[in-house]
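The structure under discussion appears below in the form of structure tokens.
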């Protein structure tokens, strides 16, 4: 038996921590995981899963409107926020239980409380110390709240799932995927939504053609945008509403202000200084290709390392760590061609290089686009157009990027990501028979 209480002590029972715990335990390691909130982490408890359920709920607004053109006469229409909210939270409770069951079934010891590293082999949880041969930090990240007067009056994506009532007016600060997703959701629920951002662009880092298409469609739907603006302070009024003050002297009143300005690694209170764990220039835990910090016995995976803040990435990093350190079969995560999506209205899907990135990396590229109106939108009388874009390395004919905006774009993109990851050529796309009538057939019809 080891001189340590555990072979592995994991801090954080989110996507990366749970996967690492389960796999390591499967390899025979004695594992403990500490979690101060709820098992499941950001994605399951207060992130992508409950958000996607809200997205599903919001789609009914347009579906019910379009139904008339398809022969359905639905006379009574009403939306009850509390019903959806409570059903979503109930599903979160169910998933939380499943994650806990997974840990229990794999004989992982779960410690509910705040964990602090004492030294390279010791972790303290609510006053009790535990020794471990290896420590894995998987504490994730949290929403960034700016340091300006009155910022505490706003909420974040953590609290949005618990709103007591549907706000009549909602302001979302930010223009990334979280901001655009919740803007679309609450607009469809009936809130008057305004998205504010300090620059003139939304979805920075995404293929600009898709971001611009989403902006134009969102404006046409009735969402409000206040771009190129800077916040000065937030004032809470006597009636409970908020008044947002901008540096140009203008103001904007709202019932709810939501901060969606990015996420920062959860490193506070972990005891990193005591253990001598180094951070990188972004304030995240610095790790090598094997997820190891500068302290040989301490590793980190997931959002706390701020490499790629996506749930599947954290899961794969946790799996790689456990196999490598406890399974005797080391492997590394490949970060190329990671598919990603924005569940806005309409949604976006992207994998590989943007056009600008491809030109920098490969020089000469060929760009193929398909700009069309989905069949459903035609009969529904909607003028919204989908846009698909393929980026091809001219010297090899390989498709190095695929970008889509339109109905079901994320669902379609997963299959496209396989092709891009495999290095298939544009000729192989063209040689594939079209599946008609579908939107996805446009991917093999671009000439």
Item checked: Per-peptide average of other Cβ atoms within 10 Å, ordering 239-248, 45-54, 184-193 highest first -> 184-193, 45-54, 239-248
Check: Any idea how far the Cα center of the range 260-338 sits from the one of the range 378-445, in Å?
Finding: 33 Å
Note to self: Let me check against my output: what whole-number percent is the relative contact order of the chain, with C-alpha pairs under 8 Å and at least 6 apart?
What the structure shows: 16 percent
Next item on the list: Decide, for the chain, between rounded, prolate and oblate: order the square roots of the alpha carbon gyration tensor eigenvalues as a ≥ b ≥ c, take rounded if a/c falls under 1.5, and otherwise choose prolate if a/b is larger than b/c, else oblate.
Entry: oblate
Next item on the list: Can you grab the distance from the C-alpha centre of the range 172-204 to the C-alpha centre of the range 130-156, Å, no decimals?
Entry: 22 Å
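Between residue 200 and residue 415, what length in nm is gained on full extension when 0.36 nm per residue of separation is reduced by their alpha carbon distance?
Contour length minus Cα-Cα distance gives 74.1 nm.
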Checklist line | Label point at residue 378 placed 7 Å out along Cα→Cβ; residues across the range 431-447 whose backbone nitrogen lies under 11 Å | finding: 437-438
Checklist line | the chain: calculated mean residue ellipticity at 222 nm from DSSP helix runs of at least 4, using -39500 (n - 2.57) | finding: -9500 deg cm²/dmol
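Gain in length, residue 246 to residue 129, computed as 0.36 nm per residue apart minus the alpha-carbon separation, to one decimal in nm? List each step's numbers first, then the result.
Details: separation 117, 0.36 × 117 = 42.12 nm, distance 4.86 nm.
Full-extension gain reported as 37.3 nm.
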Next item on the list: Mind pulling the angle between the C-alpha long axis of helix 81-105 and the longest principal axis of the chain? Nearest 10 degrees, somewhere in 0 to 90.
Entry: 30 degrees
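Suppose R0 equals 56 Å. What FRET efficiency, 1/(1 + (r/R0)^6) with r the Cβ-Cβ distance, do residue 435 and residue 3 give to the nearest 0.05? All intermediate terms of the calculation are to be shown ahead of the outcome.
On the way: r = 60 Å, r/R0 = 1.08.
The computed FRET efficiency comes out at 0.40.
Using the number of other C-beta atoms within 10 angstrom as an exposure proxy, rank 343, 326 with the fewest first.
Working: 343 23, 326 20.
By the 10 Å Cβ count, ascending: 326, 343.
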Notebook entry, point to check: Taking only Cα atoms, what is the 0 to 90° angle, nearest 10, from helix 208-221's long axis to the longest principal axis of the chain?
Noted result: 60 degrees
Check: In degrees, nearest 10, range 0 to 90: what is the angle between the Cα axis of helix 311-326 and the longest Cα principal axis of the chain?
Finding: 30 degrees
Checklist line | For 359, 142, 94, order by how many other beta-carbon atoms lie within 10 Å, fewest first | finding: 94, 359, 142
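Take the Cβ-Cβ distance between residue 408 and residue 77 as r, set R0 to 41 Å, and report the resulting FRET efficiency rounded to the nearest 0.05. Don't jump to the answer; show the numbers that get you there.
Details: r = 24 Å, r/R0 = 0.58.
Efficiency for this residue pair is about 0.95.
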Item checked: Burial order of peptide ranges 278-284, 378-384 (average beta-carbon count within 10 Å, highest first) -> 378-384, 278-284
Next item on the list: Report relative contact order for the range 151-261 in percent, whole number only (criteria: Cα-Cα under 8 Å, sequence separation at least 6).
Entry: 36 percent
Next item on the list: May I ask you to compute the full-extension gain from residue 396 to residue 86, defined as 0.36 nm times their residue separation minus their alpha-carbon distance, rounded to one decimal in nm?
Entry: 106.4 nm
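Values in this text are rule-based calculations from the coordinates and carry no lab data. Everything quoted here is computed from the prediction, not taken from an experiment. We place every Cβ from the backbone using ideal geometry, glycine too, and count neighbours over all the protein chains shown.
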